[in-house]
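What follows is one structure encoded as structure tokens, with my remarks underneath.
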């Protein structure tokens, strides 16, 4: 339940290794502290067909908007909806990142989660049910030495629950990332991610801008489970299209498509 923190198409193309990159509107979900790097209004929208739809049109759709607010940093509002006709997960997230000193920024996110389940058949006395929960995220981003960056995020620090029992516990996630960017066209990243009760996950991603502001290639790999990613960006500085392909050892391929606007 709510296992996907709301990765952008760009981050998916890097296998989710983005905590220490976090330099666009998608930082809102993966590391809101990185939002301070956003210098203009940005919008990103995406659609993902998970595992070929899994026969039930299993999908994810997202939209996000970020806005610089002067000396108060950058604010962002994002929405993610995923699932299929009988089960839908929705997340509305307000995020804020602010620069505290040269090379150091802090951020936070406030998330509203909604789970909708539709009953079917005579064994379901209730036709449908819906639940809500609220989560708090805290994050940090720092530039430690020239081209090296570090990032950290703790999601759902308040341990929100939806319903009763362990099944209603919202996922708590700790992620630490290291990034290396020798120039604006190259981003290398490694993330280490941990959720209570689950194995540690490692993500490694790479982005290479072949033609500045026009064409970029991405790739990555993650563990738990082992999967591979490929990504592509094409467009101009103010408008671009993204594509990402993600594998899964049992469930098949997932295709993601997105649009980005900057103004």
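The values are calculated or read from the model by the stated rules, or taken from the named source; none is laboratory data. Predicted, not measured: the structure shown is a model, and the values here were computed from it. Reconstructed Cβ throughout: ideal geometry from the backbone, glycine too, with neighbour counts over all protein chains shown.
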remark   = With criteria (1) over 29 Å from residue 143 (Cα atoms); (2) touching a strand residue (DSSP E or B) at 6+ places or on another chain (Cβ under 6 Å); (3) without any contact (Cβ under 8 Å) to a residue 40 or more places away in the chain, residue 248 comes up short on (3)
ask   = Can we say residue 109 is within 17 Å of residue 43 (Cβ to Cβ), assigned to a strand (DSSP E or B) and touching a helix residue (DSSP H, G or I) at 6+ places or on another chain (Cβ under 8 Å)?
value = no
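Condition check ((1) within 18 Å of residue 148 (Cβ to Cβ); (2) surrounded by 15 or more Cβ atoms within 10 Å (Cβ to Cβ); (3) touching a residue at least 60 places away in the same chain (Cβ under 8 Å)) across all residues:
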| residue | (1), (2), (3) |
| --- | --- |
| 206 | yes, yes, yes |
| 225 | no, no, no |
| 232 | no, yes, yes |
| 238 | no, no, no |
| 263 | no, no, yes |
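Residue by residue, here is whether (1) surrounded by fewer than 17 Cβ atoms within 10 Å (Cβ to Cβ); (2) out of contact with any helix residue (DSSP H, G or I) (no Cβ under 6 Å at 6 or more places or on another chain); (3) modelled with pLDDT under 90; (4) assigned to a loop (DSSP other than H, G, I, E, B) holds:
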position	(1), (2), (3), (4)
105	no, no, no, no
114	yes, yes, no, no
136	yes, yes, no, no
149	no, yes, no, no
task = State whether one or more residues within the stretch 5-15 are more than 15 Å from residue 243 (Cα to Cα) and modelled with pLDDT under 95.
result = yes
